[in-house]
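Visitor: I'd like to ask you about the structure that follows.
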Amino acid sequence: MNLKPLRGFRLQDELEQRWLGWTLVAWACVVAWYLVQRQGNIYWLALGDTDDNMRLMQVRALLAGQGWYDLRQYRLDPALGGFDIHWSRIVDLPIAALILILKPFLGVAAAEKWACGIAPLLPLSIAMIGIALTIRRLVSPQAWPIGLIVLMGCGSTLLMFAPMRIDHHGWQLAALAMTVAGLADPARARGGATVGLSSAFSLTIGLEMLPYCAMAGAIIGLRWVWEAADVRRMQVYGLTLAGGSALGFALFASNANQVLRCDALTPVWLTVMIAAGTLLFALSLWNPEKRWVRLLLAALAGAAIAAGFAHFFPQCLGRPEQVSDELYTTWLSNVREARPIYRHALKTAFPIAALPIIGIIGAAIATWRARRSEALVGWAAVALFTAFAGAMLLWQIRAGPAAQMLSVPGATALVWLLIPWFLKRGSMLVRVLGSVIGFLLVSGLFTGLVVPWLPSGKPAKGPDLVGKANAACARISQLRPLNAIPAATFFTHVDMGPRLITVTHHNAIAGPYHRNGDAILDVHHAFTGTARGFRPIAARHKATYLLTCPNMAETTVYRARNPNGFYGQLARGQVPNWLEPVELPKNSAFRLWKIRYDLPDVPEPPVSAPKPRPRPPAKP
């Protein structure tokens, strides 16, 4: 596609030579739009996810003097010493820096809000640069603006960079974008270093992208197997992966991650990364000429890593969270984002899966078209990576942001092929409408037009009480009145804990984090068990108050498991004598009681079995 001169300069030269500057200009425009569009969320500190709330609490603790390697959260379950978070400090740094910069001008409260609004947009710049680099290297030096437009249609991906989304997912997606750019880099040493350092950076943050890091390493190994001249890429990749992981562990591994845990960059995964990097480097020094010998050596290296892992770390062969069977059954297996995409309603699944499918098709076509050019190996690597990311959706829908982002190069390649074809048609109508419709279809932007017409699953039977409760009980206006009560430990729902400690001065018992498993089970047992069994559990955690949010999503689980349990009785208005009501504002979404440990139990009334429904008369 030839780009004509525009107002005194060649647009083609501008896009080729100043692509980085214009990419950053595009990023700045996205930042400005997001900050204006989400200013209400920033003002109200609308941290919509429990992880975002916990991230802010980590930053507050760091700025208050908590140790660099101490990631224990002392505001959750303080009676038992708090609990460890398996994250690292690496994502805390930009948020803390923004707070320190803004605090002299705005004050602490406003500085926190704007830091939470700005920080998630920082890794978006890296992701946009990575996408632009990949497209420049594989599609065309002038095609990168199309890729950025396609990226703007990746709804699941962009949500990870939205203001207030301060958890680590945006930074890991940025590392993934640079990984793809490294796989597509024709400069072998630079490409290997990019992939190795990006993988080490991502793993230092968390293990969520471990499958993608493993796939990137496998692709680099396969490139070496296919072409011995690619040995320099593998050599530098092995060194940077091992060295970067070691440096990340030394700088960011918390005290709790110094032991052989399976859910973070602990000595377990550090050993694996160093061993893998060392083996690849050793193979690169040998570099036999025959392809079948290289394939055999690569297979033996992979087998050695797998066998060593199974021998030395057998405890990590199961679930990396290492939770009990009960906690997995009652909590972890029910997390919606951990379900495969085919278990979700079409209205949810279609907009997430549409672009990855287009991207896989586009990458496959581009690979075929490049079969006789130098771009073949690069496109083959990206096509494999894109297909792998799409397949991950069949495991967990949480792979959606990565799958959408990795589909951008393939979708861009299709646009780059399709639009010129339409522009060469004789009819003006075909040129204009064909180009517009083709772009909307191939770029995935059509999903926004289709989604409103798709079925959303089971039709709602009345108002969405759960959705309203979830939203109401997270609002600052609902939580702030609780500060009128002297600081205490509140026994409340698991998903309520992080938001409660972020907005109020009160402590909570649990949060939805697997290292907090015992406390999670205690909360579940307390609410689904008998009323008589609640107080001993609350006493063990030294809880002073009981706080509930009627109709919150988590409460539906309590009632489903035991309709006649403690929470089920509270929902029906059966309140034991040792719960003393605490008055809240008239429009409060909460119910609050003080737990009286000095009163004896009044015998609970017998629970009558539900009456069987009358059967309709049999049809003649």
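Visitor: Please compute the Kirkwood hydrodynamic radius over the chain, one decimal place, Å, based on all pairs of different Cα atoms.
Guide: 27.0
Visitor: Can you tell me the length gained on complete extension of the stretch A391 to L11, counting 0.36 nm per residue apart and subtracting the Cα distance? Could you put the intermediate results ahead of the total?
Guide: Working: separation 380, 0.36 × 380 = 136.80 nm, distance 3.84 nm.
Full extension of this stretch gives 133.0 nm more.
Visitor: Using a 1.4 angstrom probe on heavy atoms only, work out the carbon and sulfur share of the accessible area of region 469-580 in %.
Guide: On the way: 1920 of 3680 Å².
Here carbon and sulfur together make up 52 percent of the probe-accessible area.
Visitor: Taking chymotrypsin sites (Phe, Trp or Tyr not before Pro) as exposed when DSSP calls them loop (any state but H, G, I, E, B) and at most 13 other Cβ atoms lie within 10 Å, what is the longest stretch of the chain free of them, the sites themselves excluded?
Guide: Longest run free of exposed loop sites: 69-394.
Visitor: Oh, and also: Evaluate the charge dipole of the chain about its Cα centre and quote only its size in Debye, nearest 20, assuming +1 on the Cβ of each Lys and Arg and -1 on the Cβ of each Asp and Glu.
Guide: 1640
Visitor: Additional query: How many angstrom lie between the Cα centre of region 484-559 and the Cα centre of region 322-338?
Guide: 18
Visitor: How far is helix 92-106 tilted off the main Cα axis of the chain, in degrees rounded to 10, range 0 to 90?
Guide: Roughly 70 degrees between the two axes.
Visitor: Given only helices, namely DSSP H runs of n ≥ 4 each adding -39500 (n - 2.57), what is the per-residue ellipticity at 222 nm of the chain, to the nearest 500 deg cm²/dmol?
Guide: Calculated mean residue ellipticity at 222 nm is -18000 deg cm²/dmol.
Visitor: What FRET efficiency comes out for the pair Y597/A97, r = Cβ-Cβ distance, R0 = 60 Å, nearest 0.05?
Guide: Between Y597 and A97 the formula returns 0.85.
Visitor: Over all directions, the average projected area of the alpha-carbon convex hull for region 33-150 comes to how many nm²?
Guide: 9.8
Visitor: Helix 169-183: angle to the longest alpha-carbon principal axis of the chain, degrees 0 to 90, nearest 10?
Guide: Helix 169-183 sits roughly 20 degrees off the main axis of the chain.
Visitor: Report the number of Lys pairs in the chain whose alpha-carbons are under 22 Å apart, with separation of 8 or more residues or on distinct chains.
Guide: 9
Visitor: At R0 = 35 Å, how high is the FRET efficiency between A187 and I476 if r is their beta carbon distance? Nearest 0.05 is fine.
Guide: Given R0 = 35 Å and the Cβ-Cβ separation, E is 0.10.
Visitor: With N denoting the number of residues in region 360-484, provide Rg(C-alpha) divided by 2.2 N^0.38 Å, to two decimal places.
Guide: Here the Cα radius of gyration is 1.60 times the empirical estimate.
Visitor: Report, in degrees rounded to the nearest 10, the 0 to 90 angle that the Cα long axis of helix 346-369 makes with the longest principal axis of the chain.
Guide: 20
Visitor: Any idea which of G308, L355, F385 is furthest toward the positive side of the dipole for region 308-392, if Lys and Arg beta-carbons carry +1 and Asp and Glu beta-carbons -1?
Guide: L355
Visitor: Would you mind giving the average projected area, over all directions, of the Cα convex hull of region 158-201 in nm² with one decimal?
Guide: That works out to 3.1 nm², a quarter of the Cα hull's surface.
Visitor: Now a separate question. Roughly how many Å² is the accessible area per residue of the chain, as a whole number, for a 1.4 Å probe?
Guide: 47
Visitor: Roughly how many nanometres apart are two label points built 7 Å out from the Cα toward the Cβ at T329 and L260?
Guide: 2.8
Visitor: OK, next. Classify region 107-223 as rounded, prolate or oblate, taking a ≥ b ≥ c as the square roots of the eigenvalues of its Cα gyration tensor: rounded when a/c is under 1.5, otherwise prolate if a/b is larger than b/c and oblate if not.
Guide: Note, shape of region 107-223 comes out oblate.
Visitor: Over the Cα atoms of region 262-391, Rg to Rh with Kirkwood Rh, two decimal places?
Guide: We get a ratio of 1.07 for region 262-391.
The values are calculated or read from the model by the stated rules, or taken from the named source; none is laboratory data. None of the values given here were measured: they were computed from a predicted structure. Cβ sites come from the backbone with ideal geometry, for glycine too, and all protein chains shown count toward neighbours. Just so you know, the surface numbers come from the protein's heavy atoms only, side chains and all, with ligands and any DNA or RNA stripped out. Shrake-Rupley method; radii C 1.70, N 1.55, O 1.52, S 1.80 Å.
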